[in-house]
Amino acid sequence: LMSMPGIGIKTAAQILLNIGDGSAFETPGHLAAYAGIAPVTRRSGTSIRGEFPARSGNKRLKNALFYSAWVASNHDPISKAYYDRKRAEGKRHNAAVICLARRRCNVIFAMLRDGTYYQPPSIVPTHEPAALAA
């Protein structure tokens, strides 16, 4: 876990203490719901009031994921670009960091499932036609 930007010794230990090897979760969505970073639909009878941040979940795991996402948004260029994109969409700071934490939760789940180190996503080059480039 420490190969991922924004995760240090204490944060990695907190994440591993709370989720173990991740085998208890079928999908990254289940892990995010357990951590309390997945959005929740509020319903009452026939009234559906949309998506809201979850107030439930494992508070220690949620704090560890939030803190690591916040640190990554300040120091990792890929995470910073994602954070800035969410802010440009009109989300507030905490909402943008939760979005980033949810995205990183998917990566943590895959790292634990596959037993691999963090690999930053490769940037897809834009292909320009040869006539325009010349």
- Once amide hydrogens are built 1.01 Å from N within the peptide plane, the residues lying 5 or more places from V40 or on another chain with amide H under 5 Å from its amide H are F52, A54
- Stokes-Einstein D for the chain (37 °C, 0.692 mPa s, Kirkwood Rh from Cα pairs), in µm²/s, comes to 202
- Taking only protein heavy atoms and a 1.4 Å probe, what accessible area per residue, in Å², does the chain have with all protein chains in place? 66
- Task: Take peptides 19-29, 102-112 and line them up by average Cβ neighbours within 10 Å, highest first, as a rough protection proxy.
- Result: 102-112, 19-29
- the range 9-114 - percent of accessible surface contributed by carbon and sulfur, probe 1.4 Å: 54
- Query: Mean residue ellipticity at 222 nm from the helices of the chain, using -39,500 (n - 2.57) per DSSP H segment of n ≥ 4 over the full residue count, to the nearest 500 deg cm²/dmol?
  - Reply: -17500 deg cm²/dmol
- Within a Cβ distance under 11 Å of G6, other residues only, what is the Lys/Arg minus Asp/Glu net charge? +1
- Can you run phi through the Karplus equation (6.51, -1.76, 1.60; θ = phi - 60°) for the range 85-101 and list ³J(HN,Hα) in whole Hz, with x for Gly and Pro? 5, 5, 5, 5, 6, x, 6, 6, 4, 4, 5, 5, 5, 5, 4, 5, 5
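The values are calculated or read from the model by the stated rules, or taken from the named source; none is laboratory data. Note that the coordinates shown come from a computational prediction; the quantities given were computed from them, not determined experimentally. Positions of Cβ are generated from backbone atoms using ideal geometry, with glycine treated the same way; all protein chains shown enter the neighbour counts. Calculation scope for accessible area: heavy atoms of the full protein, side chains included, ligands and nucleic acids excluded. Shrake-Rupley method; radii C 1.70, N 1.55, O 1.52, S 1.80 Å.
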